[in-house]
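Asker: Can you keep this structure in mind? I'll have questions shortly.
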């Protein structure tokens with residue numbers, strides 16, 4: 001098997017490290033920075049230490065705080081217009097995956113012609129973008145270390161993936177302090193997002209020894225720390241472990257892509273505007289159940305990484321424990337056990353199937369998948385049926 005493993009993003013990790021953003025940007029030759037965030041982050045005061053650091057190191061900056069959940073192409077292009085009003089040389093993203101994806105989209109469009117949706121697909125971007133420094137405030141998306149940005153087409157309600165090595169941020173600052181005040185529901189949603197990335201990356205057809213090593217360790221770390229981060233909240237150790245695990249899962253899927261969970265969840269987000277992490281979490285057991293016959297050995301590994309006792313069990317029973325472990329984790333985190341509770345309406349089923357099959361993630365899912373299979377997964381997830 002021929003493959004390449006490349007993580008061009010430098011990662012700096014440490015409590016309070018976001019307050020050194022100006023130091024890192026100055027060292028990279030920045031002079032004027034375009035800051036991308038959202039109003040909630042700004043109102044919570046998380047931006048202030050970062051801005052203080054920029055000022056302390058003599059950097060000029062402008063703020064775009066209009067990032068939206070499930071970011072649309074319009075918000076990227078609006079951000080681009082603001083960026084072009086002054087000669088910015090770097091972009092700083094502070095926030096969850098939506099802010100970082102928006103920043104990456106703006107960065108690419110700053111140096112490439114046309115519209116962001118012109119570049120849907122893989123390796124279609126001709127020129128490198130403005131350098132991006134990403135500071136995640138959630139432990140979930142891993143967007144700070146990935147080569148993709150997910151942008152919603154508001155006209156078709158389709159979440160388009162734009163994928164290119166030019167999209168990797170140059171630097172990621174992992175500051176667990178920024179995640180200690182996350183509400184429980186966000187801790188749950190983003191944590192399960194990271195777990196989904198790790199599981200789908202581990203079982204992907206294009207996984208490599210490098211990506212699998214990152215993915216399985218991320219699964220283990222999430223299994224050991226997500227519930228503590230959820231129930232305790234401000235525990236520094238579990239917050240740090242979750243933030244690092246999220247980045248590791250991002251590094252893994254930047255190499256291997258994902259699978260049917262993401263093919264379907266992106267569609268649910270585009271059509272029903274369901275938060276991405278929650279959609280992933282609710283779908284994950286059903287896709288794992290579907291995939292069991294294709295990769296039982298890997299499912300056994302996942303079960304063990306999540307703390308299940310698998311020694312002496314037949315392979316199929318050990319593999320099944322992985323599904324049950326995810327079901328129990330969702331239950332503990334108060335995540336719905338079906339997608340009906342998320343607002344999914346099966347009247348949209350034909351579009352959901354069609355849009356899911358457009359995703360390149362279907363091609364790397366471990367079990368061969370047809371339209372009828374996607375329909376079956378969605379119906380089972382809607383009905384809460386894990387028996388088939």
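Asker: Can you show me the helix-derived [θ] at 222 nm for the chain, built from DSSP H runs with n ≥ 4 at -39,500 (n - 2.57) apiece and divided by the number of residues, rounded to the nearest 500.
Answerer: -15500 deg cm²/dmol
Asker: Measuring from label point to label point, each 7 Å out along Cα→Cβ, what is the residue 368 to residue 340 span in nm?
Answerer: Simple spin-label model gives 3.3 nm for this pair.
Asker: Kindly express, to the nearest 10 degrees and within the range 0 to 90, the angle between helix 276-291's C-alpha long axis and the longest C-alpha principal axis of the chain.
Answerer: Rounded to the nearest ten degrees, it is 30.
Asker: So how much slack lies between residue 347 and residue 209, counting 0.36 nm per residue of separation and subtracting their Cα-Cα distance, in nm?
Answerer: Once the chain is fully extended between residue 347 and residue 209, it gains 45.5 nm.
Asker: How do 229-236, 355-362 rank on mean C-beta neighbours within 10 Å, highest first?
Answerer: So the order, starting with the most tightly packed, is 355-362, 229-236.
Asker: Still on this structure, I have one more. How many percent of DSSP beta bridges within the chain run antiparallel, rounded to 5?
Answerer: So the antiparallel bridges amount to about 25 percent of the total.
Asker: Taking 8 Å as the Cα distance limit and 6 or more residues as the minimum spacing, I'd like the relative contact order of the chain as a percentage.
Answerer: 15
Asker: Between residue 31 and residue 4, 0.36 nm times their residue separation minus their Cα-Cα distance comes to what?
Answerer: 6.3 nm
Asker: Which residue fluctuates most in the GNM of the chain (Cα springs below 10 Å): 175, 118, 301?
Answerer: So, out of 175, 118, 301, the one fluctuating most is 118.
Asker: Just subtract the alpha-carbon distance of residue 386 and residue 57 from 0.36 nm times their residue separation and send over the number in nm, one decimal.
Answerer: Gain on extension, residue 386 to residue 57, equals 112.9 nm.
Asker: Report, in whole Å, the centroid distance computed from the Cα atoms of the range 352-388 and the range 53-126.
Answerer: Rounded to whole Å, the Cα centres lie 32 Å apart.
Only the coordinates and a few stated rules stand behind these numbers; no lab work does. Just so it is clear, the structure is predicted and the values come from calculations on it, not from any experiment. Please note: Cβ atoms are built from the backbone with ideal geometry, for glycine as well, and neighbour counts cover all protein chains shown.
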